[in-house]
Amino acid sequence: MSKGPVLFADIGKKAKDLLTKDYNSDQKFSVSTYSDSGVALTSTAVKKGGLSTGDVAALYMYKNTTFDVKFDTGSNISTTLTFTDFLPSTKTIASIKFPDYNSGKLEVQYFHDRASFTTAVALNQSPAIDVTATIGTPTIAFGAEAGYDTTLGSFTKYTAGISVTKPDSYASMILGDKGDSLQASYVHHLDLLKNSSVAGEITRRFSTNENTFTIGGSFPVDHLTVVKAKLNNHGKLGALVQHEVIPKSVLTISSEVDTKALDKSPRFGLAIALKP
């Protein structure tokens, strides 16, 4: 793949990951195993309220091809087939979920030193089409996204964004929801290894005249433990601790509390991922 601009889906992703990734108010347990033949098996169980769900996923990689299949307790089967460089500088992703045969989707990503493009088409009788494009360099990228419903004959979405990447910081701005929302985010790395980072994100929704501002950070306590926290202007406070119990086996404990609620009852989540 080229060393050009990021895909449009990656604009703003760094701040989103820092402020949302691994935060969990449910009980989650996951175990992964790997074989010498390139097969990875992952079993996951989640308890949310009084409802328990689970799934088993298998991932097989061979040369430039990846096959991913997942079975869940709802009798659903999800499959994803990915080809890298099937055509020069491209990645092709085909996915479908059974028994919902209309969920099929085909996506083609193209990478160039000065641009990247994606086209995604739903595999049904009235396909929806999504197209994205970015131009620029690894340092600065301008992008746009559009979705078109062939049944309605109208655009379902159009979005534009810009991102700026520097060695110690990252900034992005996205105009989305057909021009109804504006989201700006900033990430700053506090050390050369980028282990300690802080982020801020503000979202303005014009139709409701509502602003949401979130700040957060990720900080290592030692080489085995990481602490993350976030707070928004609506009083939602989240925090988590991740500790590598044994090599590649990470224990995550997270909680969330509404500081403006009368009872201020926290919600705790536990996620355990074991990987040999």
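The values are calculated or read from the model by the stated rules, or taken from the named source; none is laboratory data. Just so it is clear, the structure is predicted and the values come from calculations on it, not from any experiment. Here the Cβ positions follow ideal geometry from the backbone for every residue, glycine too, while neighbour counts run over all protein chains shown. SASA here: full protein model, heavy atoms, side chains in, ligands and nucleic acids out. Shrake-Rupley method; radii C 1.70, N 1.55, O 1.52, S 1.80 Å.
Here region 44-70 is scanned for amide nitrogen atoms under 14 Å from the site 7 Å beyond the Cα of residue 77 along Cα-to-Cβ, giving 56-58, 68-70. Think of the chain as a dipole: +1 on every Lys or Arg Cβ, -1 on every Asp or Glu Cβ, centred on the Cα centre; then among 142, 208, 116, 208 lies furthest on the positive end. Note on residue 21 and residue 246: the model spin-label points, each 7 Å out from Cα along the C-beta direction, lie 2.6 nm apart.
Spacing of the modelled spin labels on residue 155 and residue 180, each 7 Å from Cα toward Cβ, amounts to 1.5 nm. How high is the FRET efficiency between residue 193 and residue 126 when r is their beta carbon distance and R₀ equals 51 Å, given to the nearest 0.05? For residue 193 and residue 126, the calculated efficiency is 0.55.
Dividing the helix sum by the residues of the chain, where each DSSP H run of 4 or more adds -39500 (n - 2.57), gives a mean residue ellipticity at 222 nm of -1000 deg cm²/dmol. By accessible area, using a 1.4 Å probe on protein heavy atoms only, region 179-267 has 63% of its surface on carbon and sulfur. Placing dummy labels 7 Å off each Cα toward the beta-carbon, the span from residue 166 to residue 112 is 2.9 nm. The stretch between residue 215 and residue 227, if pulled fully straight at 0.36 nm per residue, gains 2.9 nm over its current Cα-Cα span. In the list (i) 30, 27, 22; (ii) 33, 26, 16; (iii) 25, 23, 20, the label attached to semi-axes √(5λ) of the Cα gyration tensor in Å as derived from the coordinates here is (i). Across the chain, the mean sequence separation of Cα contacts (distance under 8 Å, 6 or more residues apart), normalised by length, yields a relative contact order of 16 percent.
Treating each Cα of region 49-199 as an identical point scatterer and summing with the Debye formula, the log10 of I(q)/I(0) at q = 0.09, 0.17, 0.20 Å⁻¹ comes to -0.44, -1.20, -1.19. Choose one of 41, 103, 245: the residue whose Cα lies farthest towards the positive end of the charge dipole of the chain (beta-carbon charges +1 Lys, Arg; -1 Asp, Glu; about the Cα centre). Checking the options against the dipole of the chain, the answer is 245. Using a cut-off of under 17 Å, list every residue of region 207-221 whose amide N is near the label point 7 Å from the Cα of residue 259 along the Cα-to-beta-carbon line. Counting backbone N atoms under 17 Å from the label point, the list is 212-218.
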